[in-house]
Amino acid sequence: MGKVIGIDLGTTNSCVSVVENNEPVIIPASSGGTTTPSVVAFTRNGERLVGEAARRQAVTNTERTISSVKRHMGTKWSIRIDGTEYNPQTISAMILMQLKKDAEDFLGEPVTEAVITVPAYFNDIQRQATKDAGRIAGLEVKRIINEPTSAALSYGLDHGEPQKVMVYDLGGGTFDVSVIEIGEGVIEVLATAGNNHLGGDDFDQRIIDWMVKEFKAQQHVDLTGDFAAMQRLRDAAEQVKKELSATESSQILLPYLTQYKGTPLHLDMTLTRPKFEELIWDLIEKTAEPVKNALNDAGLAASELNRVLLVGGSTRIPAVQRKVRELTGKEPSKNINPDECVAKGAAILGSTLQGNALTAAGQELLLLDVTPMSFSIETVGGVATRVIERNTTLPIRYSQIFSTAAPYQRSVEINVLQGERTMARDNKSIGKFKLKGIKAAPAGVPQIEVTFDIDTNGILKVSAKDMDTGKEQSIVITADDRMSDAEIEQAIRDAQSYAGQDQIRRDAIELLDESRKLCNETELSLKNAGKTLDRAAKKQIKADSTRLQKLIGKCRLEKVTEAELAEIREAKQILQNSVDTLMRR
Ligand code: AMP
C-alpha cells in the first residue's frame, strides 16, 4: 500500500509531509528548503515552471506568471496563455503535481493518495475545486481537512493531556481561527470563524501603495502603469515586511526602477516598524471579530483557553502577536513551526486513514470537524431559511419538508445558500436545483423532503423525495463555478500530456544547449587547426555541423516532438564522431 501524503496547498507557499516511523516528516522541495512557492509560470519558449523557478523569474515575466491562485479557487477566474485557457483548478493541479513528484522522489515509490488542507472558511465550491485540482494532478484526495484543525492535529500528538486550544492562522491570503478541544484520542473542533480575503498579501499591498505614493511625491512619476516596476515593488514589499518582523527599520533600494524621459530613476526609501504598523493596523484589527465569534460559538471565555497556537507566516509579525495577546490574554505558543505544522497534520490524518494509530497512547484517532458556515435555502421574499447552522459537527445529515408557494405549481426551484446573512442575495449561492413533476395541488399541500448531507470533507450533497408518491427524485446541484466531470476528465488528460510534453521540452532544452555548444567548439577547433587539417576531413566536419545547426534553427520548443529530438540527437552524434576522429589524428 502506497503512502498517503499530507499537502498544505497555501496561497503563497505549499508544503508536503508524510508519516515515517510514526512521525510526520517534511518532504524537501526540489529547489531546496521545506516549502514550494505556489507560483506557476509559462516561459516564452513554451516551458512550464512551478515553484521557486517560477517565482524567481516573475519580475521579468509578469503577464505569464501566476501567483496566489488560491484566492481565485471556486470562482470563474481564468487566464489565457498561448491560446490555452487555465482555471484555478488546473493551475493548482500544476503545483500539486510538483509536490507529488517531490514526494515520489523522496519516497522512491509512486504516490497516488493525499489529504489536502483548505482554510476553514472555504465554502463548498472552494472545497470541491480543491478536490478537483487533486484529481487533475493524479491524486485521489482521501480527505479535505481544515488548516487549523490540521495544525492542532500535529500539535495534539506532541501534547497528550486534554486541553482547549485556539489556532490563530494568518497566512498569505486567508485568516482562520478555530477553537479546538484536544482530548485523549479525540480532536474536536468546537468552532471556527475567519475571513477568506485577509492575509500577508494585503499587508504587501499596503506597502506597495505607500511606495507608489512616496515615489510620486519624490519623483512626480506614477509607477502603477509600469508592469515590471510594480512586480519589483511587490517583491520588495514582501521582503521589507519580513525584515520588519526582526528589525525596527528597513531600507528599500531599487536601482533603475523605471525611467522618465530617458532618465533612469531609482527608488531609495526606508520603512520603519511603527510606520508599517500604522499602514496595516486596521487589517490586523479585522481579525478581532472572528476571534470573538469563534469563542462565542464554542461557548468559551478567552480565559478558559489552555493555549493559543500561531499558524501561517504572517503571525511572525510582532504587531499580530501583540493583537493575539490582547485578544486572548495569553502568550501564544511558539514551539510549533507555523510553516510546517499544517502539512504535518494532514500527513498524520492520511496515515490514520490507512488504519495506523498515531496517538501517544497508541489508540485510534477520532477527528471531529465542523461546518464553517451555515447552509440555507431561499424561500418566499428572498429570505435565507437556515437548514444547517454553522459550527455543526460533521458529518451531518438533515432533512426538512418544503412545499409549494403557488397553487397548482408543478415544479420548484431550490436555491442552496452558504453564509450567515438573513437575505438570500447576501449569501453565496452554491447550487440550484429544480424539482419537477410535482402533483398539481393547492399551494402548501405537496410535501417535499429535502435532505442535506455534509460529509467529513465539508462537501454538501442534496437529495429530495416526493412524500406524496414516495419516489426519490435525483437532484443535481448545478453550481456554475464547478467543473463538470467531463471537464475534469479532459483536464486530467491535458495534465498527463503536459507532464509528458514538459519532459520532452526539458530534454529538448538540454539537447539544444549541448548541440549549440558542440557547434561552437567545432568551429573553434577548425579555426585553431588551420592548415594542419586535410581538406576532405574539414569539409565533412563543416557539413555535419551545418546539418546540426539547421536542425537546431528549425526546432520550436512549443511544438517539439520526440522524432525531431531523435533527429537532432543523431546529427549531434555524427558531428561528435567526426570531431573525435579529427582529434585523434
Ligand atoms: P503562508 O500562507 O502560511 O505560507 O504565509 C505566507 C505569508 O506569510 C506571506 O504573505 C509571507 O509574506 C508571510 N510571511 C512569511 N514570513 C514572514 C515574516 N517573517 N514576517 C512577516 N510575514 C511573513
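The values are calculated or read from the model by the stated rules, or taken from the named source; none is laboratory data. Keep in mind that this is a model prediction, so the values were computed, not measured. Glycine gets a Cβ as well: all are built from the backbone with ideal geometry, and neighbour counts include every protein chain shown. Accessible surface areas use protein heavy atoms only, side chains included; no ligands, DNA or RNA. Shrake-Rupley method; radii C 1.70, N 1.55, O 1.52, S 1.80 Å.
Name the shape class, rounded, prolate or oblate, that the alpha-carbon gyration tensor gives for the range 20-76, where a ≥ b ≥ c are the square roots of its eigenvalues, rounded holds for a/c under 1.5, and otherwise prolate holds if a/b is larger than b/c and oblate otherwise.
Values: a/c = 3.03, a/b = 1.62, b/c = 1.87.
Since a/c reaches 1.5 but b/c is at least a/b, the shape of the range 20-76 is classed as oblate.
If you take every residue apart from L300 with its C-beta less than 13 Å away from the C-beta of L300, what net charge results, scoring Lys and Arg +1 and Asp and Glu -1?
So the surrounding residues net to 0.
Distance between Cα centroids, the range 62-109 to the range 206-232: provide it in whole Å.
29
For the chain, find the longest principal axis of its Cα atoms and tell me its angle to the long axis of helix 227-243, 0 to 90°, nearest 10.
70
If you roll a 1.4 angstrom probe over the protein chains with everything in place, what fraction of the accessible area of the chain belongs to carbon and sulfur, to the nearest %?
Details: 12990 of 27020 Å².
Carbon with sulfur: 48 percent of the solvent-accessible area.
Please list 36-47, 220-231, 408-419, 529-540 highest first by mean number of surrounding beta-carbon atoms within 10 Å per residue. Could you put the intermediate results ahead of the total?
On the way: 36-47: 20.7, 220-231: 14.7, 408-419: 17.4, 529-540: 11.2.
Peptide ranking by packing, descending: 36-47, 408-419, 220-231, 529-540.
For the range 531-543, just list the computed ³J(HN,Hα) in residue order, Karplus coefficients 6.51, -1.76 and 1.60, θ = phi - 60°, integers in Hz, with x standing in for Gly and Pro.
Karplus values, whole Hz, x for Gly and Pro: 7, 5, 9, 7, 5, 5, 5, 4, 5, 4, 5, 4, 5.
Under the Karplus relation 6.51 cos²θ - 1.76 cosθ + 1.60, θ = phi - 60°, what is the ordered set of whole-Hz ³J(HN,Hα) values for the range 71-80, x standing for Gly and Pro?
Ordered by residue, 3J(HN,Hα) equals 5, 9, 3, x, 10, 8, 3, 7, 9, 10 Hz.
HN-Hα J couplings of the range 456-461 from phi, Karplus 6.51/-1.76/1.60, θ = phi - 60°, integer Hz, Gly and Pro as x?
Karplus values, whole Hz, x for Gly and Pro: 5, 7, x, 9, 9, 10.
Picking from A508, A536, A491, whose Cα lies most toward the positive end of the charge dipole for the range 480-540 (charges on Cβ: Lys, Arg +1; Asp, Glu -1)?
Final value for the positive-end residue is A536.
Figure the gain on full extension for K216 and V186 (residue separation times 0.36 nm, minus the Cα-Cα span) and round it to one decimal in nm.
Working: separation 30, 0.36 × 30 = 10.80 nm, distance 5.65 nm.
Full extension from K216 to V186 adds 5.2 nm.
Can you classify the range 499-578 as rounded, prolate or oblate using the Cα gyration tensor, where a ≥ b ≥ c are the square roots of its eigenvalues, rounded means a/c under 1.5, and otherwise it's prolate if a/b beats b/c and oblate if not? Mind showing how you got there, number by number?
Working: a/c = 3.24, a/b = 2.62, b/c = 1.23.
Because a/c hits 1.5 or more and a/b exceeds b/c, the range 499-578 counts as prolate.
Calculate the dipole size of the chain relative to its Cα centre from +1 charges on Lys and Arg beta carbons and -1 charges on Asp and Glu beta carbons; express the result in debye to the nearest 20. Write out the running numbers ahead of the final one.
On the way: 73 positive and 81 negative charges, 442 e Å.
For this selection, approximately 2120 debye.
Check which residues have an amide H placed less than 5 Å from T258's amide H, if you skip close sequence neighbours.
L265
Mind checking the angle between helix 88-107 and the chain's longest principal axis? C-alpha axes, 0 to 90 degrees, to the nearest 10.
70
Holding the Cα-Cα limit at 21 Å, pick out from K70/K434; K539/K572; K76/K142; K3/K70 the pairs that are longer than that. It would help to have the intermediate numbers written out before the result.
Working: K70/K434 31 Å; K539/K572 16 Å; K76/K142 26 Å; K3/K70 26 Å.
The answer is K70/K434; K76/K142; K3/K70.
With 10 Å bins from zero, work out the P(r) of the chain over every alpha carbon pair and list the percent per bin.
Answer for the chain: a P(r) of 3, 14, 21, 22, 17, 11, 6, 3, 1, 0, 0 percent.
Would you calculate, for the chain, the mean residue ellipticity at 222 nm contributed by helices, counting each DSSP H stretch of 4 or more residues as -39,500 (n - 2.57) and dividing by all residues, to the nearest 500? It would help to have the intermediate numbers written out before the result.
Numbers: 13 runs with 223 residues, N = 585.
That comes out to -13000 deg cm²/dmol.
Using Cα atoms only, what is the angle between the long axis of helix 200-219 and the major principal axis of the chain, expressed in degrees (0 to 90) to the nearest 10?
It works out to around 60 degrees.
Percent of alpha carbon pairs in the range 387-521 separated by more than 26 Å? Let's see the in-between values first.
Working: 4391 of 9045 pairs.
Within the range 387-521, distances greater than 26 Å cover 49 percent of Cα pairs.
Net charge near T379, counting Lys/Arg +1 and Asp/Glu -1 over other residues with Cβ under 12 Å of its Cβ? Working shown, then result.
Working: positive: R386; negative: E378, E413.
Overall, the nearby charge balance is -1.
I'd like the distance between the alpha-carbon centres of the range 392-468 and the range 492-549, rounded to an integer number of Å.
66
Evaluated at 25 °C with a viscosity of 0.890 mPa s, what Stokes-Einstein diffusion coefficient in µm²/s does the range 151-206 have when Rh comes from the Kirkwood expression over alpha-carbon pairs? Present the calculation step by step, with values, prior to reporting the outcome.
Details: Rh = 12.3 Å.
Estimated diffusion coefficient is 200 µm²/s.
Mind checking which of L582, L460, I396 is farthest towards the positive end of the chain's charge dipole, using Cβ charges of +1 (Lys, Arg) and -1 (Asp, Glu) about the Cα centre?
Checked the options; the winner is L582.
To make sure I understand the rule: partners must be aspartates and glutamates, Cα under 13 Å from the Cα of K292, and not fewer than 8 residues away in the same chain. Which ones qualify?
Cα-Cα hits under 13 Å: D176, E326.
Using the heavy atoms of the protein chains alone and a 1.4 angstrom probe, what is the accessible area of the chain per residue in square angstrom?
Details: 27020 Å² over 585 residues.
On a per-residue basis, the chain sits at 46 Å².
Loop only per DSSP, at most 15 neighbouring Cβ atoms within 10 Å: give me the trypsin sites (Lys or Arg not before Pro) in the range 154-262, ordered by residue number. The partial results should precede the final answer.
Details: sites: K164, R206, K213, K216, R232, R234, K241, K242, K261; in loops: K261.
In loop regions of the range 154-262 (DSSP not H, G, I, E or B), the sparsely surrounded trypsin sites (Lys or Arg not before Pro) are K261.
Starting from the Cα of N296, step 7 Å along the direction of its Cβ; do the same at R421; then give the gap between the two resulting points in nm.
That separation, rounded to one decimal, is 1.8 nm.
Along the charge dipole of the chain, pointing to its positive end and built from +1/-1 on Cβ of Lys, Arg, Asp and Glu, which listed residue (L253, V177, T315) has its Cα farthest out?
Selected residue: L253.
Have a look at the DSSP beta bridges in the chain and tell me what percent are antiparallel, nearest 5. Please list the in-between numbers first.
On the way: 76 of 96 bridges.
Restricted to the chain, the bridges split so that about 80 percent are antiparallel.
Hey, got the dipole for the range 233-342? About the Cα centre, +1 on K and R Cβ, -1 on D and E Cβ, debye to the nearest 20?
On the way: 15 positive and 16 negative charges, 20 e Å.
Rounded to the nearest 20 debye, it is 100 debye.
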